[in-house]
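One structure is given below, encoded as structure tokens.
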Amino acid sequence: SYIAWLEDGTVFERKGVDGGQPLEFITDEEQVIPGLDRAAATMKKGEQALLTVSPEYGFGSVVAERDLAVVPPSSNLVYEVEMLDFVKEKAPWELNNQEKIEAAGKKKEEGNILFKDGNYQRAGKKYDKAVDYVSEDGLFQDDEQKQIKALRISCWLNGAACSLKLSDFWGAIQLCSKVLDFESHNVKALYRRAQAYMKTSDLISAEMDIKKALEADPQNREVKLLQKTLRQHQVESNKRDAKLFTNMFARMSKGSSMPIKKLKVEIAEPEKSEEAAATERECVAEPSTPSEDRMAVDQS
């Protein structure tokens, strides 16, 4: 139960007071504002608390029409809360194997519903929780291993789809890689990881995944369309590279036209023996001046 008001004292909502119906909700499901959600998750039965909630954890920068008043944008809120009772969800280690498999399947289905509704953030959390229930291989019997493997792969693939929708491309790559550790030619995992690689401009890795996917399913229409898109990206990338190198060489050519300072270097001749000098005097009709050897040194 709670009473909620604005900083100026305007009460905008009451739940479970003066004979009213208490509020029941599931934490971490975005059914209430984040500030109330987080506080409720830490409270004990019968505990009372006075919460001050900033706009970030309240209604944000939008107008919120509540039961008793309108909450203006970017409002600080105050909640006087009492935790009447709660039911705590069982942790994975509190369940037997069959209960874990059933709980994982339920979380996966909840995630699927959220995904269809376009709530990709919450759907991804559901898939993560589903995997948590079936994360320990050694605790399951052989006949259960097939079920948990299928659940994990399905949840990782669905989670990767959520990550792509949320532009979390590295998250999608990691989830697809987990699937490929189990099934190296899983077409969906290769397809979604290739999509993520393309978004991160890793066209080489994307091409490798697409080739593997087509090896496993040569007629897959979606993979072929992605391959066509990849080729377009490669053409555009090659054009950008060509332009970059053209500009680079142009700058280098322009730089090479700058005047070059020359350093005059004289190389001294080695001393000659008297016999060699005498022989030279006999062979050379006219005396000559030793030639100069010049070396240009780049001073730029």
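So how many residues does the stretch 42-55 have that are open to solvent by 70 Å² or more (accessible area, probe 1.4 Å) and either within 24 Å of LYS126 (Cβ to Cβ) or in a strand (DSSP E or B) (or both)?
Here the count works out to 4.
Restricting attention to the stretch 23-39, report how many residues are part of a helix (DSSP H, G or I) and either open to solvent by 30 Å² or more (accessible area, probe 1.4 Å) or in contact (Cβ under 8 Å) with a residue 60 or more places away in the chain (or both).
2
Would you mind stating whether ALA41 is at negative phi, of a type in the set (Gly, Ala, Ser) and more than 29 Å from the chain's Cα centre (by Cα)?
So ALA41 fails the test.
Find the residue count for the stretch 183-201, including only residues that are open to solvent by 50 Å² or more (accessible area, probe 1.4 Å) and either in a loop (DSSP other than H, G, I, E, B) or over 22 Å from LYS165 (Cβ atoms) (or both).
Residues that pass the stated criteria total 4.
From the set of residues in the stretch 56-87 that are aliphatic (A, V, I, L, M) and assigned to a loop (DSSP other than H, G, I, E, B), which is surrounded by the most Cβ atoms within 10 Å (Cβ to Cβ)?
Among residues in the stretch 56-87 that are aliphatic (A, V, I, L, M) and assigned to a loop (DSSP other than H, G, I, E, B), the one surrounded by the most Cβ atoms within 10 Å (Cβ to Cβ) is MET83.
Of all residues in the stretch 1-20, which are closer than 19 Å to GLU65 by Cβ and either open to solvent by 70 Å² or more (accessible area, probe 1.4 Å) or of a type outside the set (Gly, Ala, Ser) (or both)?
TYR2, ILE3, TRP5, LEU6, GLU7, ASP8, THR10, VAL11, PHE12, GLU13, ARG14, LYS15 - these are the residues of the stretch 1-20 that are closer than 19 Å to GLU65 by Cβ and either open to solvent by 70 Å² or more (accessible area, probe 1.4 Å) or of a type outside the set (Gly, Ala, Ser) (or both).
Confirm whether CYS176 is farther than 29 Å from GLN31 by Cα and hydrophobic (A, V, I, L, M, F, W, C).
It is true that CYS176 is farther than 29 Å from GLN31 by Cα and hydrophobic (A, V, I, L, M, F, W, C).
Among the numbered conditions (1) touching a residue at least 60 places away in the same chain (Cβ under 8 Å); (2) open to solvent by less than 40 Å² (accessible area, probe 1.4 Å); (3) not in a loop (DSSP other than H, G, I, E, B), tell me where GLY105 comes up short.
Checking GLY105 against (1) touching a residue at least 60 places away in the same chain (Cβ under 8 Å); (2) open to solvent by less than 40 Å² (accessible area, probe 1.4 Å); (3) not in a loop (DSSP other than H, G, I, E, B), the one that fails is (1).
The values are calculated or read from the model by the stated rules, or taken from the named source; none is laboratory data. All values derive from a computational prediction rather than experimental measurement. Here Cβ is always computed from backbone atoms with ideal geometry, including for glycine, and neighbour counts include all displayed protein chains. Just the protein is used for accessible areas: all its heavy atoms, side chains included, with ligands, DNA and RNA removed. Shrake-Rupley method; radii C 1.70, N 1.55, O 1.52, S 1.80 Å.
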